[in-house]
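The values are calculated or read from the model by the stated rules, or taken from the named source; none is laboratory data. Note that the structure is a prediction, hence the values are computed from the model and not measured. Glycine gets a Cβ as well: all are built from the backbone with ideal geometry, and neighbour counts include every protein chain shown. Ligands, DNA and RNA are excluded from the accessible area calculation, which covers all protein heavy atoms including side chains. Shrake-Rupley method; radii C 1.70, N 1.55, O 1.52, S 1.80 Å.
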Amino acid sequence: MKLTFQPFELLLKHTFTIAKFSRTSTPVMLLQVEHEGHTGHGEASMVPYMGESFESATGFLSKVDTVQLKYPFDFESIIAYLDDIAPGNPAIKAGIDIALHDLDGKLQQKPCWQLLGSDPAKMPLTSFTIGIDTPEVIIQKVKENPDCKIIKVKLGRDSDKELISTIRSVTDLPLFVDANQGWTDLQQSLDMTYWLHEQGVLLIEQPMLKTDPDSNAWLTERSPVPIIGDESVQRLGDVVKAKGVYHGINIKLMKSAGMYEAHQMIKKAKELGLKLMIGCMSETSCATLAAAALAPQCDWADLDGPFLTRNNPYQMPDFVAGKWVLNGDSGLGIKH
């Protein structure tokens, strides 16, 4: 088993602004795992506010003993081994996990979605994200929509209503909104959920601070729109904590340490009666296809990474009628 990697700066088409951060690019580590003439590809998208970097990823990878990644893969044991190396670092762990899943599919000559038990016919629509910006740029971004049937809007500032009204001036597509912990006043937040409901909003991600479950639970109990935990739900252990606090959870591979644990989170959430969204960071086609392999098991998808970037090193996956298309290629189905 041979593990190699290379840093890559993923450039965004527009400055991406959420409630508390802005950026124009994302550091990404591209990984390859070789075994028996096959190569698996993985990706670690390390958005700066999550605390990972090229330096931390390189340091972590230097400690990985590929003997522990022996085939056939025991993904539960592999994730436990990676967690033993160092706490945190979920994105670089995800990069390894994704590469191993891609390799596993190629060795078995089966697509990853099949190995994970997904049904391509159940692929949900994916949304196209609009970051916080001026009305002029917001309108420009909406016009760049690559035929997604849902728009996702970043909120969490005093301009929330203006931003939604601007979008409504140019499209009547249904909306997801993500406050990224930007709301603070309970009554104002509740009033906003009713106003957003009238504007055709289908769900609201992480309205209040992730460290304030009581406020999030209060809002969830009263909101006419599903409230989805995002920053507060990262690894498998967080899923149980979301019960009674949110209507559902948003799973991201870069937080869950990859596809294996994301799949376990999906199963646990279904046991608890929680709704499921699968999302992404700024990602290439590699991580997008990894998440898409699990997307048919979820209620909603926000997998728009390749649409928001301008130097994707892989081919764009097939996208038809607002949905990613899962093909029969072995592994993730990545094309260079």
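Exactly one condition in (1) of a type in the set (D, E, K, R); (2) in contact with a Leu (Cβ under 6 Å, 6 or more places away or on another chain); (3) under 19 Å from G95 (Cα atoms) is false for E283; which is it?
(2)
State whether one or more residues within region 286-300 are open to solvent by 30 Å² or more (accessible area, probe 1.4 Å) and under 23 Å from G40 (Cα atoms).
No: zero hits.
Suppose we filter region 44-68 for residues that are small (G, A, S) and over 19 Å from S256 (Cβ atoms); how many remain?
Of the residues in region 44-68, 3 are small (G, A, S) and over 19 Å from S256 (Cβ atoms).
Could you grab me the full set of residues in region 77-97 that are open to solvent by 10 Å² or more (accessible area, probe 1.4 Å) and either touching a strand residue (DSSP E or B) at 6+ places or on another chain (Cβ under 8 Å) or small (G, A, S) (or both)?
The answer is S77, A80, A86, G88.
Tell me, yes or no, whether region 98-108 has at least one residue that is at pLDDT 95 or above and surrounded by fewer than 16 Cβ atoms within 10 Å (Cβ to Cβ).
Yes.
For the structure I just gave you, tell me whether N180 is under 19 Å from the mean Cα position of the chain (by Cα) and of a type outside the set (V, I, T). Break it down stepwise before answering.
Numbers: under 19 Å from the mean Cα position of the chain (by Cα): yes; of a type outside the set (V, I, T): yes.
Considered against the rule, which asks whether it is under 19 Å from the mean Cα position of the chain (by Cα) and of a type outside the set (V, I, T), N180 comes out as yes.
So, in region 218-246, exactly how many residues are among the small types (G, A, S), over 23 Å from C280 (Cβ atoms) and surrounded by 15 or more Cβ atoms within 10 Å (Cβ to Cβ)?
First pass over region 218-246, keeping only residues among the small types (G, A, S): 223, 229, 232, 237, 242, 244.
Keeping just the survivors that are over 23 Å from C280 (Cβ atoms) gives 223, 244.
Checking the rest, the ones that are also surrounded by 15 or more Cβ atoms within 10 Å (Cβ to Cβ) come to 223.
Of the residues in region 218-246, 1 are among the small types (G, A, S), over 23 Å from C280 (Cβ atoms) and surrounded by 15 or more Cβ atoms within 10 Å (Cβ to Cβ).
If I ask for residues that are assigned to a helix (DSSP H, G or I) and among the polar types (S, T, N, Q), which ones from region 87-109 would you list?
The answer is Q108, and nothing else.
Quickly run through region 37-55 and pick out the residues that are modelled with pLDDT under 95 and either more than 18 Å from the chain's Cα centre (by Cα) or not in a loop (DSSP other than H, G, I, E, B) (or both).
P48, Y49, M50
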